[in-house]
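**Student:** Right, I'll just put the structure down here and ask away after.
The values are calculated or read from the model by the stated rules, or taken from the named source; none is laboratory data. Note that this is a predicted model, so its numbers are computed, not measured. Please note: Cβ atoms are built from the backbone with ideal geometry, for glycine as well, and neighbour counts cover all protein chains shown.
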């Protein structure tokens, strides 16, 4: 009998992903037929929201959350988390719409939760993890950012910026979502740090990250700078706790 961590909701934020959404939806439904999908669309001008509605009309495992404007990745996930928690899902998954995260590998994260993890991260930078067709500059940025996070925050996670991850509902409820303001890379680090500081278990599983072939990346200099300064602030704020003598 197959073990499962409960009802699974996969949250996929979208902004101008009309060409990718049908593909990633089909792959997810084939890989995990029992999982549910929530498309959180930021009022995409290319009609992604309309396509999401059409997919939802044809499949009762697909839901759509229409947002009024482009407010960032973190805000989209927070809205999706609140929706999923209110609907009683046991596991909430983050996954990109562009195919960079492989739905066929999601079972690795769910297995980690079943084995006792509170947060399971799909890692590019642990043994067995890899990237495909990623520019060297992006790989260098990601590796450097994760090294920076480990040094400044002292958290034992190889890929804290990873966006392919699965949370237990209880984890999200415990770490708190109402005061999260970070976005992009920084949003992922923020929630990872909160999980670690709550004493919860984080597991990493190797995945293959594939660079998108359709559409454009939402990465920007603003997102990168936000990550560096917020991590520095969190690091300074946590110094007292990290170096306080143990009794």
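**Student:** Determine, yes or no, whether residue 105 is over 22 Å from residue 223 (Cβ atoms), within 15 Å of the chain's Cα centre (by Cα) and touching a residue at least 24 places away in the same chain (Cβ under 8 Å). Step through it out loud before you land on a result.
**Tutor:** Working: over 22 Å from residue 223 (Cβ atoms): yes; within 15 Å of the chain's Cα centre (by Cα): yes; touching a residue at least 24 places away in the same chain (Cβ under 8 Å): yes.
Yes.
**Student:** Then there's this: Counting just the residues of region 213-233 that are out of contact with any helix residue (DSSP H, G or I) (no Cβ under 8 Å at 6 or more places or on another chain) and either surrounded by 16 or more Cβ atoms within 10 Å (Cβ to Cβ) or in a helix (DSSP H, G or I) (or both), which one comes out modelled with the highest pLDDT?
**Tutor:** The extreme case among them is 233.
**Student:** Kindly list the number of the only condition in (1) under 23 Å from residue 198 (Cβ atoms); (2) touching a strand residue (DSSP E or B) at 6+ places or on another chain (Cβ under 6 Å); (3) buried (at least 18 other Cβ atoms within 10 Å of the Cβ) that fails for residue 126.
**Tutor:** Answer for residue 126: the failing condition is (3).
**Student:** Right, another one. When residue 195 is evaluated against the numbered criteria (1) more than 16 Å from residue 228 (Cβ to Cβ); (2) without any contact (Cβ under 8 Å) to a residue 60 or more places away in the chain; (3) not in a loop (DSSP other than H, G, I, E, B), which criterion, by number, is the only one it fails?
**Tutor:** For residue 195, the failing item is (2).
**Student:** Just to be sure I understand the filter: pairs with C-beta atoms under 6 Å, separated by 6 or more residues or on different chains, first member in region 51-76 and under 16 Å from residue 187 (Cβ atoms), second member modelled with pLDDT of 95 or more and not in a loop (DSSP other than H, G, I, E, B). Which pairs pass?
**Tutor:** 73/13; 76/13; 76/40
**Student:** Still on this structure, I have one more. When you scan region 1-88 for strands (runs of 3 or more DSSP E) that lie fully inside it, which ones turn up with 3 or more residues that are touching a helix residue (DSSP H, G or I) at 6+ places or on another chain (Cβ under 9 Å) and closer than 23 Å to residue 121 by Cβ?
**Tutor:** Filter on region 1-88 gives 8-14, 36-41.
**Student:** Is it the case that residue 118 is modelled with pLDDT of 95 or more, on the phi < 0 side of the Ramachandran plot and surrounded by fewer than 16 Cβ atoms within 10 Å (Cβ to Cβ)?
**Tutor:** Numbers: modelled with pLDDT of 95 or more: yes; on the phi < 0 side of the Ramachandran plot: yes; surrounded by fewer than 16 Cβ atoms within 10 Å (Cβ to Cβ): no.
Spelling it out, it is not the case that residue 118 is modelled with pLDDT of 95 or more, on the phi < 0 side of the Ramachandran plot and surrounded by fewer than 16 Cβ atoms within 10 Å (Cβ to Cβ).
**Student:** Considering every residue within region 102-114, establish whether at least one is touching a helix residue (DSSP H, G or I) at 6+ places or on another chain (Cβ under 9 Å), part of a loop (DSSP other than H, G, I, E, B) and within 24 Å of residue 30 (Cβ to Cβ).
**Tutor:** Yes, the conditions are met somewhere in region 102-114.
**Student:** Only one of (1) within 15 Å of the chain's Cα centre (by Cα); (2) closer than 18 Å to residue 171 by Cα is not met by residue 38, so which one is it?
**Tutor:** (2)
**Student:** Oh, and also: Against the definition (crowded, with 18+ Cβ neighbours inside 10 Å and at pLDDT below 95), how does residue 236 come out, yes or no?
**Tutor:** Details: crowded, with 18+ Cβ neighbours inside 10 Å: no; at pLDDT below 95: yes.
Considered against the rule, which asks whether it is crowded, with 18+ Cβ neighbours inside 10 Å and at pLDDT below 95, residue 236 comes out as no.
**Student:** Then there's this: Is there a residue in region 130-150 that is in contact with a strand residue (DSSP E or B) (Cβ under 8 Å, 6 or more places away or on another chain), buried (at least 20 other Cβ atoms within 10 Å of the Cβ) and closer than 27 Å to residue 114 by Cα?
**Tutor:** No, the conditions are met nowhere in region 130-150.
**Student:** How many residues are surrounded by 20 or more Cβ atoms within 10 Å (Cβ to Cβ) and in contact with a strand residue (DSSP E or B) (Cβ under 7 Å, 6 or more places away or on another chain) when one looks only at region 69-95?
**Tutor:** Within region 69-95, residues that are surrounded by 20 or more Cβ atoms within 10 Å (Cβ to Cβ) and in contact with a strand residue (DSSP E or B) (Cβ under 7 Å, 6 or more places away or on another chain) number 12.
**Student:** Right, next: Name, by its number, the condition in (1) farther than 21 Å from residue 5 by Cβ; (2) surrounded by fewer than 19 Cβ atoms within 10 Å (Cβ to Cβ) that does not hold for residue 107.
**Tutor:** That leaves (1) as the condition not met.
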